[in-house]
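Beneath this line is the structure, given in structure tokens, with notes to follow.
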Amino acid sequence: SHSLTAESDETEFMSYMVRKSKTVNKALDEAVPLGEPVLKIREAMRYTLLSDGKRVRPMLCLAACELVGGHEATAMPSACAVEMIHASSIILDDLPCMDDDSLRRGKPTNHKVFGEDIAILASVALMGLAVKQTSSSTGAPPERVLRAVQVMAQAVGTEGLVAGQAEDLAGEGMSFEENDEAGLKHLEFIHIHKTASLLEAAAVVGAIVGGGSDDEIERLRKYARCIGLMFQVVDDVLDVTKSSEELGKTAGKDVMAGKLTYPKVMGVEKSREYAERLNREAREHLRGFDSDKAAPLLFLADYIVKRQK
Ligand code: GRG
């Protein structure tokens, strides 16, 4: 069979992920055809959108839809839309006026290839296309689609990505002591907005178009918030363990210098415990669902907490 169950193993989960991301990549490819007008902008959009990401957000969207009894196809436009928002935000995040990065997913960043002007236009175009995709979802009644567009828009703005990025930029000059309560609050605010909000939107929108009840939608939202935070805690821990293993190997700018991380505010051991706690909490939010149907999301949580790179 093609679907996961509570008895499936990790190999089956990995092939589930591959299968889902292939379907998503095909839909993304079709959503931004090359051609005129503005061929260059379309190339820049495709460069980041179709580059080699894990597609965690679309997968979350599709899995949430299917968990509440909807069809994969119903959530596909929204799944593509969250990946478009993700790509759009990545392009902006890498710009010289933001994080000033020259590499992303092992390739030169968008503005390094196309220039800052084109990169900004591609980012805005991806954002617009995301709204168009979500709002033209077929297979769900208009009131659900309207709600989905609202959730998606909210995740971008001053209650979502933009808030997280603004707090992140504002914190650049600040210094925090270890075990600093203010440091932890600052860090959580950034991650809840920069990372968790789009993961939450992915799950919530999937559940909305799939016809989930308000209670189901809320449980999926909480689950997604946990895995979003967990993702960042694990990321920070890996950065510490990686850089101590590869000491001396890191040429160029020290990306961790001055950056606030979980190991810095609570230590490595406490950070690991925190990630485990978030994983348990994420799983608890899914307890009311059928365990076979929840299998993909349970696996996804484990996959995030166990990853080694
Ligand atoms: C309004 C579009 C828009 C953005 C404005 C720039 C910005 C505000 C926000 C930054 C958003 C950002 C880059 C957050 C970091 C998110 C994050 C955890 C990225 C890494 O995600 P993965 O690991 O990446 O899922 P892949 O490469 O697998 O897709």
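Out of the residues in segment 1-16 that are crowded, with 18+ Cβ neighbours inside 10 Å and not small (Gly, Ala, Ser), state the one that is nearest to Ala125 (Cα to Cα).
Only one residue tops the list, namely Tyr16.
Closer than 22 Å to Arg221 by Cα and out of contact with any Lys or Arg (no Cβ under 9 Å at 6 or more places or on another chain), is that true of His71? Taking the combined requirement at face value, the residue satisfies it. Only a single item in (1) more than 16 Å from the ligand (Cβ to nearest atom); (2) part of a helix (DSSP H, G or I); (3) touching a residue at least 12 places away in the same chain (Cβ under 8 Å) is not met by Ala63, and it is number (1). Residues in segment 121-163 that are charged (D, E, K, R) and over 17 Å from the mean Cα position of the chain (by Cα) were compared, and the one that is farthest from Leu95 (Cα to Cα) is Glu143. Taking the criterion of being within 15 Å of the ligand (Cβ to nearest atom), farther than 14 Å from Arg46 by Cα, touching a residue at least 60 places away in the same chain (Cβ under 8 Å) and surrounded by 14 or more Cβ atoms within 10 Å (Cβ to Cβ), would at least one residue in segment 136-153 satisfy it? Yes: segment 136-153 contains one or more residues that are within 15 Å of the ligand (Cβ to nearest atom), farther than 14 Å from Arg46 by Cα, touching a residue at least 60 places away in the same chain (Cβ under 8 Å) and surrounded by 14 or more Cβ atoms within 10 Å (Cβ to Cβ). Could you check segment 286-309 and list, in sequence order, the residues that are in contact with an Asp or Glu (Cβ under 9 Å, 6 or more places away or on another chain) and not basic (Lys, Arg)? Across segment 286-309, the qualifying residues are Gly288, Phe289, Asp292, Ala295, Pro296, Phe299, Asp302, Tyr303, Val305. Return a yes/no flag: does segment 245-262 have any residue that is within 13 Å of the ligand (Cβ to nearest atom), surrounded by 20 or more Cβ atoms within 10 Å (Cβ to Cβ), modelled with pLDDT of 70 or more and within 14 Å of Tyr274 (Cβ to Cβ). Within segment 245-262, not a single residue is within 13 Å of the ligand (Cβ to nearest atom), surrounded by 20 or more Cβ atoms within 10 Å (Cβ to Cβ), modelled with pLDDT of 70 or more and within 14 Å of Tyr274 (Cβ to Cβ).
Which residue is farthest from the ligand (Cβ to nearest atom), if the candidates are limited to segment 161-179 and must be small (Gly, Ala, Ser) and surrounded by fewer than 16 Cβ atoms within 10 Å (Cβ to Cβ)? That would be Ser175.
Can you tell me how many residues within segment 180-199 are in contact (Cβ under 8 Å) with a residue 12 or more places away in the chain and more than 13 Å from the ligand (Cβ to nearest atom)? First the steps, then the outcome.
Pass one, segment 180-199, residues in contact (Cβ under 8 Å) with a residue 12 or more places away in the chain: 180, 183-184, 186-199.
Within this subset, residues satisfying the condition of being more than 13 Å from the ligand (Cβ to nearest atom) are 180, 183-184, 186-189.
Number satisfying all stated conditions: 7.
Residues are listed down the side, and each one gets a yes or a no for (1) hydrophobic (A, V, I, L, M, F, W, C); (2) under 24 Å from Ala31 (Cβ atoms):
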site: Ala148; (1), (2): yes, yes
site: Thr158; (1), (2): no, no
site: Ala166; (1), (2): yes, no
site: Gly171; (1), (2): no, no
site: Asp180; (1), (2): no, no
site: Phe189; (1), (2): yes, no
site: Ala201; (1), (2): yes, yes
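Which fully enclosed helices (runs of 4 or more DSSP H) of segment 128-202 have 1 or more residues being within 20 Å of Ala79 (Cα to Cα)? Step through it out loud before you land on a result.
Details: elements: 142-156, 161-170, 181-191.
The qualifying helices (runs of 4 or more DSSP H) are 142-156, 161-170.
Total residues in segment 93-110 satisfying the condition of being assigned to a helix (DSSP H, G or I) and either closer than 19 Å to Val32 by Cα or free of Cβ contacts under 8 Å to residues at least 12 places away in the same chain (or both): the figure is 1.
Name the pairs whose Cβ atoms lie under 8 Å apart, with the first residue in segment 36-52 and in contact (Cβ under 8 Å) with a residue 60 or more places away in the chain and under 20 Å from Lys26 (Cβ atoms), the second away from the ligand (no atom under 13 Å from the Cβ) and in a helix (DSSP H, G or I), and 6 or more positions between them or separate chains? As it stands, the answer is Glu43/Phe114; Tyr47/Val113; Tyr47/Phe114, since those pairs meet every condition given. Kindly evaluate Arg19 against the criterion of being within 12 Å of the ligand (Cβ to nearest atom) and either in a loop (DSSP other than H, G, I, E, B) or on the phi < 0 side of the Ramachandran plot (or both). It is false that Arg19 is within 12 Å of the ligand (Cβ to nearest atom) and either in a loop (DSSP other than H, G, I, E, B) or on the phi < 0 side of the Ramachandran plot (or both).
Could you tell me whether Val24 is outside any loop (DSSP other than H, G, I, E, B), more than 27 Å from Gly115 (Cβ to Cβ), touching a residue at least 40 places away in the same chain (Cβ under 8 Å) and within 16 Å of the ligand (Cβ to nearest atom)? Considered against the rule, which asks whether it is outside any loop (DSSP other than H, G, I, E, B), more than 27 Å from Gly115 (Cβ to Cβ), touching a residue at least 40 places away in the same chain (Cβ under 8 Å) and within 16 Å of the ligand (Cβ to nearest atom), Val24 comes out as yes.
The values are calculated or read from the model by the stated rules, or taken from the named source; none is laboratory data. What you are looking at is a predicted structure, and each value in this text was computed from that prediction instead of being measured. Every residue, glycine as well, gets a Cβ built from its backbone with ideal geometry; the counts of neighbours run over all protein chains shown.
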